[in-house]
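Here the structure comes first, spelled out in structure tokens, and everything after it is commentary.
The values are calculated or read from the model by the stated rules, or taken from the named source; none is laboratory data. These figures come from a predicted structure and were not determined experimentally. Every residue, glycine among them, receives a Cβ derived from its backbone with ideal geometry; neighbour counts consider all protein chains shown.
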Amino acid sequence: MTATTKVIRKPQRTMADQSYVIELVKGLGVTLKHFFKGTRQMVTGTTPDLEKHPYADGIATVQYPEEKRPYAQRWRGVHRLTHRDDGSPRCVACLCCSTACPAQCIYIKPAEYAEGDKRRGYERYPEEFVIDELRCIFCGFCVEACPCDAIRMDTGYHMTALDDRASFIYDKAQLMSHVGQDGTQKSANPRHEPGDPTHPGVTRLHGGH
Ligand code: SF4
Ligand code: SF4
């Protein structure tokens, strides 16, 4: 068996290449071109419309927080708990979201509705609902897992820089206070309340099958 040898020739570089002077001047030329272009746009107020052309060839620096780029509809921001018509949470404390959460950052304490409430026996409600937004990896699995469209990440808020960990732990009241990008605390998906003729459920109390 004969060994084959592959000869890799050293690239031939001229003195000019090796000095890098020409490449350095070219690079500075690109920098100066963008510097003057940006300055002219700033002086004449002709900055590109970032909403229409987010990656337009011009000044792409956004003067945050005075200027904000609009978030996409499907962008995953801080969570919210959606409301029913009566203002109570849509959540039925089924624990699907906390089970699906890979970061294990959702805590729910389920409770039964009070005696006489038409929802008692059909479903529960979250007495406590806590999300540790610092542990959250914003994967959206909780939203996908929810059978009631009760948890959403369409707030358009991203986490603010805070100086203590406790401020990142959102409780039920805080999660219910958030609004979606449409400005409401509800969900457009229909909800069939227990007692409605459209409600498909049966009660555990009355032994339906
Ligand atoms: S987005 Fe992902 S990590 Fe965050 S709470 Fe939901 S399931 Fe958990
Ligand atoms: S938010 Fe949805 S998935 Fe989570 S406990 Fe409530 S109803 Fe179940």
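Mind listing whichever residues of the range 96-121 are away from ligand 2 (no atom under 11 Å from the Cβ), surrounded by fewer than 14 Cβ atoms within 10 Å (Cβ to Cβ) and closer than 19 Å to GLY140 by Cβ?
Scanning the range 96-121 gives PRO102, GLN104.
Give me the residue from the range 85-116 that is away from ligand 1 (no atom under 12 Å from the Cβ) and among the hydroxyl-bearing types (Ser, Thr, Tyr) and, out of that set, nearest to THR184 (Cα to Cα).
My answer is SER88.
Is there any pair with a first residue in the range 62-84 that is over 18 Å from VAL143 (Cβ atoms) and a second that is assigned to a loop (DSSP other than H, G, I, E, B) and of a type in the set (Val, Ile, Thr) whose Cβ atoms are under 9 Å apart and which are 6 or more apart or on different chains, and what are they?
What qualifies is LYS68/VAL62; ARG69/VAL62.
For the range 86-122, what are the residues that are farther than 28 Å from GLU133 by Cβ and not aromatic (Phe, Trp, Tyr)?
Matches in the range 86-122: GLU112, ALA114, GLU115, GLY116, ASP117, LYS118, ARG119, ARG120, GLY121.
Any residue at all in the range 75-88 that's away from ligand 2 (no atom under 16 Å from the Cβ) and either over 22 Å from HIS199 (Cβ atoms) or in contact with a His (Cβ under 6 Å, 6 or more places away or on another chain) (or both)?
yes
State all residues of the range 130-156 that are within 14 Å of THR184 (Cα to Cα) and either more than 12 Å from ligand 2 (Cβ to nearest atom) or among the hydroxyl-bearing types (Ser, Thr, Tyr) (or both); if no residue qualifies, say none.
Hits for the range 130-156 are ASP154, THR155, GLY156.
Out of all the residues in the range 83-118, which are charged (D, E, K, R), touching a Lys or Arg at 6+ places or on another chain (Cβ under 9 Å) and not in a loop (DSSP other than H, G, I, E, B)? Let's see the steps before the verdict.
Keep residues of the range 83-118 that are charged (D, E, K, R), which gives 84-86, 90, 109, 112, 115, 117-118.
Checking which are touching a Lys or Arg at 6+ places or on another chain (Cβ under 9 Å) leaves us with 84-85, 90, 112.
Scanning the range 83-118 gives a single hit, GLU112.
Taking the options ARG152, ARG165, name whichever one is more than 19 Å from the chain's Cα centre (by Cα) and either within 14 Å of ligand 1 (Cβ to nearest atom) or at pLDDT below 95 (or both). Full working, then the answer.
Working: ARG152 fails: more than 19 Å from the chain's Cα centre (by Cα).
The conditions single out ARG165.
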